[in-house]
Amino acid sequence: MKSNGLSLAATDHLQMSGREGLGRNPTLLCAPIMGQSVDQMLSEISKAKAGGADLVEVRLDYLNNFNPRQDLEILIKQSPLTTLITYRPKWEGGQYEGDETRRLDALRLAMELGANYIDVELQVAREFLSSISGRKPGNFKVIVSSHNYQNTPSIEDIANLVARIQATGADIVKIATTTLDITDVARIFEITVHSQVPIIGLVMGERGLISRLLCPKFGGYLTFGTIEAAIVSAPGQPTLKDLLGIYNFRQLGPDTKVFGIIGNPVGHSKSPILYNEAFKAVGFNGIYVPLLIDDIGKFFDVYSSSDFAGFSCTIPHKEAALKRCDEVDPVAKDIGAVNCIIRRPSDGKLIGYNTDYIGAITAIEDGLRGSHTTNNSSGSPLAGKLFVVIGAGGAGKALAYGATEKEARVVIANRTLDRAKEIAELIGGQAISLVELEDFHPENGMILANTTSIGMQPKVDLTPIPKRALSSYSLVFDAVYTPKMTRLLREAKESGATIVSGLEMFIGQAYEQYERFTHLPAPKELFREIMAKY
Ligand code: NAP
């Protein structure tokens, strides 16, 4: 690790927790415990141990009828994991509203009863630390914390805050801020990676998730993982299961390359599961994370280091990504959208590609070959077909381009007709409105491809075209893959069409991206096995 202070302290703890030598980093995994009774807390602590946590943060402020001596004795003595005791007051975002002396007395008692850590807020830290001066047991550490629920300050302000916390005599510094934009997290990484003292730096909120996932790479002392998705002590905490199972937390290190999916929303994406499991299977030193991004230009301006090596790109950034790349593959340029970006190691330039079109067109061709509708066995079964694309975004353009390449006659139907017209002009096709689409059946045996997000979770009852309009189509493809069986596909099947799921496109485009990310052949069978589980 970059900081000697961190390595030393964390190594101590790894010895205490018996986890020494199990992973590539010393960062600890802490489960917040927020039961309302001691029994509930003990049961949560058992779950945390079974879930792979190294320690638990016992939040005394969540207990009803807290009896300090009796309850702390039980919690600390009976906990099978090392304990961090926190008694967070309302004024720092916690639940406790009572007398300060009583609160700080309980923390002192926790120390005396054998807690491994206590957390005390910066505002009262100096006074508290002087009250225990000379009485601290050898293996006991004080975390001094500061929480900002509004924003993430400038790097200078954060550095000053760290210095103020250190000056109190803290063993471990904790800073938790709030994300307004994903670029806020970069400032916390900058602080933790260069810190000479053990430091916990976390950014709360959905846009701050990478501060928690990449904590071991950037030198954080610990991160929080919850025992259940709903039991969070701060917004944006992932589960222990995801940290250990999906994100391969123990194997991350300073040299781990970061990949991710750029989107908004991005929480539904199955890409992190797919790539991380494949990375793990072949021992590739990479992590693939969701990147909830509002402004792609700002993201690349801030995350410009070679640590951030490759990206998938989804709604609504595929067209903006093309403009932001330094170089764009000719096919992606023709399509007008980029769904895969590689940072070239030699000069750091961003190179954009489009792998959507290959994945989708191959899946549709396979669907046609497997069905009885094609009479063209040598060339592409799409040649000569009337191919209707719904949607004119990144995926729509890719499908329209790919089908034209295969000599299909392409019609684009879109909510915003002008966008459909733009593509039609580019590829020599026809543009229609969504209303016209409902009565569009110039011939039988047409192909339909939905490339809008209509029907995607959670709005699974929606469909882009009424069932009655589906009878002229011999094959219906839906780019949406969550759920795998959309309402559109279900109704198409009931209408007698061959159906092709967006999952096929997803797997196809993922092969291409994986090979660009890793320079290794994609484990195709493994991809299918992984996706079959979800
Ligand atoms: P995008 O660039 O944002 O384009 C979205 C398109 O959908 C636009 O044409 C938009 O119409 C239309 N649209 C969105 N909401 C609509 C609504 N409520 N009613 C009518 N039209 C609507 O997105 P994209 O990147 O092309 O992705 C589109 C879909 O494909 C997403 O669901 C994505 O998950 C899926 N996809 C799947 C894969 C896969 O591997 N299976 C790969 C890529 C994409 P306007 O032009 O009028 O705004």
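The values are calculated or read from the model by the stated rules, or taken from the named source; none is laboratory data. These numbers were taken from a predicted model, which means no experiment stands behind them. We place every Cβ from the backbone using ideal geometry, glycine too, and count neighbours over all the protein chains shown.
So if I check each of 44, 100, 112, 73, which one is within 28 Å of the chain's Cα centre (by Cα), among the acidic types (Asp, Glu) and at pLDDT 95 or above?
Working: 100 fails: within 28 Å of the chain's Cα centre (by Cα); 112 fails: within 28 Å of the chain's Cα centre (by Cα); 73 fails: within 28 Å of the chain's Cα centre (by Cα).
Answer to the check: 44.
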Residues of region 207-236 being at pLDDT 95 or above and of a type outside the set (A, V, I, L, M, F, W, C), in sequence order, are 207, 208, 211, 212, 216, 217, 219, 220, 221, 223, 225, 226
Flagged in region 222-254 as in a loop (DSSP other than H, G, I, E, B) and either within 11 Å of the chain's Cα centre (by Cα) or among the polar types (S, T, N, Q) (or both), in numbering order, are 233, 236, 237, 238, 247, 248
Taking region 109-139 and the residues there that are in a helix (DSSP H, G or I) and touching a Ser or Thr at 6+ places or on another chain (Cβ under 7 Å), the one that is farthest from residue 30 (Cα to Cα) would be 126
Residue 403 fails exactly one of (1) out of contact with any Phe, Trp or Tyr (no Cβ under 6 Å at 6 or more places or on another chain); (2) more than 10 Å from the ligand (Cβ to nearest atom); (3) under 21 Å from residue 503 (Cβ atoms), namely (1)
The condition of being within 24 Å of residue 406 (Cβ to Cβ), more than 10 Å from the ligand (Cβ to nearest atom), hydroxyl-bearing (Ser, Thr, Tyr) and modelled with pLDDT under 95 holds, among 473, 511, only for 511
Scanning region 493-506 residue by residue, those within 16 Å of the ligand (Cβ to nearest atom) and in a helix (DSSP H, G or I) turn out to be 502, 503, 504, 505, 506
Verdict on residue 484 being touching a residue at least 12 places away in the same chain (Cβ under 8 Å), surrounded by fewer than 20 Cβ atoms within 10 Å (Cβ to Cβ) and within 11 Å of the ligand (Cβ to nearest atom):
yes
Residue 467 fails exactly one of (1) within 16 Å of the ligand (Cβ to nearest atom); (2) modelled with pLDDT of 95 or more, namely (1)
Of 334, 326, 301, the only residue that is surrounded by fewer than 24 Cβ atoms within 10 Å (Cβ to Cβ) and more than 30 Å from residue 210 (Cα to Cα) is 334
* Within region 270-284, is even one residue under 26 Å from residue 193 (Cα atoms) and outside any helix (DSSP H, G or I)? -> yes
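From the list 274, 291, 350, which one is among the hydrophobic types (A, V, I, L, M, F, W, C), away from the ligand (no atom under 16 Å from the Cβ) and touching a Phe, Trp or Tyr at 6+ places or on another chain (Cβ under 9 Å)?
On the way: 274 fails: away from the ligand (no atom under 16 Å from the Cβ); 291 fails: away from the ligand (no atom under 16 Å from the Cβ).
When all the criteria are applied, what remains is 350.
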The condition of being more than 32 Å from the chain's Cα centre (by Cα) and either crowded, with 24+ Cβ neighbours inside 10 Å or more than 9 Å from the ligand (Cβ to nearest atom) (or both) holds, among 358, 412, only for 412
Picking from 217, 257, 280, 270, the residue that is over 13 Å from the mean Cα position of the chain (by Cα), within 27 Å of residue 507 (Cα to Cα) and touching a residue at least 40 places away in the same chain (Cβ under 8 Å) would be 257
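Does region 94-108 hold any residues that are more than 20 Å from residue 33 (Cα to Cα) and assigned to a loop (DSSP other than H, G, I, E, B), and which are they?
Looking only at region 94-108, we keep the residues that are more than 20 Å from residue 33 (Cα to Cα), and these are 98-102, 105.
Residues satisfying the conditions are 98, 99.
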Taking first residues from region 437-453 that are farther than 13 Å from residue 411 by Cβ and second residues anywhere that are of a type outside the set (Asp, Glu) and away from the ligand (no atom under 16 Å from the Cβ), the pairs with Cβ under 7 Å that are 6 or more apart or on different chains are 444/472; 445/373; 445/474
Pairing a residue in region 506-520 that is free of Cβ contacts under 8 Å to residues at least 24 places away in the same chain with any residue that is among the hydrophobic types (A, V, I, L, M, F, W, C), where Cβ atoms lie under 8 Å and the two sit 6 or more apart in sequence or on different chains, gives 515/522
Pairs returned, first residue in region 112-141 that is closer than 17 Å to residue 61 by Cβ and small (Gly, Ala, Ser), second residue that is assigned to a strand (DSSP E or B) and at pLDDT below 95, beta-carbon separation under 6 angstrom, 6 or more apart or interchain, are none
Across region 304-323, the tally of residues that are surrounded by 21 or more Cβ atoms within 10 Å (Cβ to Cβ), in a loop (DSSP other than H, G, I, E, B) and of a type in the set (S, T, N, Q) stands at 1
